[in-house]
1. Under a GNM of the chain (C-alpha, springs under 10 Å), which listed residue has the highest mean-square fluctuation: ILE260, ILE94, ILE307?
2. What residues of the range 210-248 lie in the reach of a label at SER272, counting those whose backbone N is under 17 Å from a point 7 Å from the Cα along Cα→Cβ?
3. Only Cα pairs under 8 Å and at least 6 apart count here; give the relative contact order of the range 132-283 as a rounded whole percent.
4. Determine the share of the chain's accessible area contributed by carbon and sulfur atoms, expressed in whole percent, with a 1.4 angstrom probe.
5. Compare ARG36, ARG199, ARG44 by solvent-accessible area with a 1.4 Å probe and give them largest first, with all protein chains kept in place.
6. Taking θ as phi - 60°, what are the ³J(HN,Hα) couplings along the range 281-294 by the Karplus curve (6.51, -1.76, 1.60), each to the nearest whole Hz, with x for Gly and Pro?
7. Hey, can you find the accessible area per residue of the range 146-191 for me, probe 1.4 Å, expressed in square angstrom?
8. Taking the full set of protein chains and a 1.4 angstrom probe, give the accessible area of TRP105 in square angstrom, rounded to the nearest 10.
Amino acid sequence: MAITAAITAIGHYIPEHILSNFDLEKMVDTSDQWIRERTGIEKRHIMKDGATSDMAIEAVKELCERRGISPEEIDLLIMATVTPDHTFPATAAIVTEAIGATNAWGFDLEAACSGFLYSVSVGAKFITSGQHKKVVVVGADKMSSIIDYTDRNTCVLFGDGAAAILLEPNEEGLGVLDESLHTDGAGKKHLHMKAGGSRKPPSAATVAAGEHYVYQEGRAVFKFAVTKMADVCEKVMKRNNLTGDDVRFLVPHQANKRIIDACANRMGVDSSKVMLNIHRYGNTTGATIPLCLYEWQDQLEKGDNLILAAVGGGFSWGAIYVKWAI
Ligand code: UT7
């Protein structure tokens, strides 16, 4: 049987500090009710000190412990993040050095909220090609470092967190089985950071204008996400002959509960089979999907069909079909 890339361990890190909807009521003109009804979020965790790599390091350490491997056994580490410690070097370099992954190479992959899915796709190819035996994919974001806490349109949505998965070869037909990934740069105007890149380098003026924060036209992104996430899930289900009953869990990016509900509804997947933790963490960008897998892993059994799905900045979107392997 052909080699597939299976998820064999998961680690995570959530910072301690909690920012509740009630805390936000004191900071901007919003209400707990508005946030819960429009997004499903009740609180989010915020990293007070430290960087994205600090969360990623803890997640990978836990992963290694749970799998019983030494970091030296890791061949490749891919970091999905929009909040790297620095523009360069890659956060993957910082993480591999800190954990002692001396035999690994690594890089960052930036695809906004779809970053984890894209990274799983890339990582899986190194397993199926036979080139590597242990690939770590980390989703980690310190969204609080790029959020304007005076902007109610965005500051209620995001939180900080990290989670990591290990991909290893499988010969039983389990693991990553199919994917449909997409990019459409026409969406860039609706969700972006205005300055800080080569088009508009940082300056006193860009800082004063608040151009280093997340800018989002929520309604336009919502409209796109609510149809595209369901479309891509349906497509992957159809070509793998899966009905809603065959899907053990939908593992959606956690941006808005209403988007997730609409997607599950179209897939014919009952709400009891949807991984949902947005109420506790908000949108942690690269970390949402692996955080769900971490929290639900004890409910999963070998052979379970999972559909991982995301839509995010770019636009970027996609779905991955995984047969659980452990
Ligand atoms: O992960 C990356 C991808 N991102 C997404 O998938 C996010 C997609 N978008 C969304 O989740 C939703 O669009 C939001 C949650 C961001 C906004 O919800 P909405 O139902 O689309 O609201 P809206 O943007 O259409 O705004 C409705 C009203 C506006 O007031 P007016 O213009 O009707 O008077 C906003 O100013 O709600 C107002 N509003 C708020 N009110 C209280 C916006 N944010 C807030 C807030 N508290 N925090």
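1. Maximum fluctuation in the GNM of the chain, among the listed residues, is at ILE94.
2. Residues passing the 17 Å test: 244-248.
3. Relative contact order of the range 132-283: 22 percent.
4. With neighbouring chains kept in place, the figure for the chain is 50 percent.
5. Per-residue accessible area, sorted high to low, gives ARG199, ARG36, ARG44.
6. Rounded to whole hertz, the list is 10, x, 9, 9, 6, x, 8, 4, 5, x, 5, 4, 4, 4.
7. Per-residue value: 39 Å².
8. 110 Å²
The values are calculated or read from the model by the stated rules, or taken from the named source; none is laboratory data. Given the structure is predicted, the values throughout are model-derived calculations rather than measurements. Here the Cβ is made from the backbone with ideal geometry for all residues, glycine too, and neighbour counts use every protein chain on show. All accessible areas refer to the heavy atoms of the entire protein, side chains included, with ligands and DNA or RNA removed. Shrake-Rupley method; radii C 1.70, N 1.55, O 1.52, S 1.80 Å.
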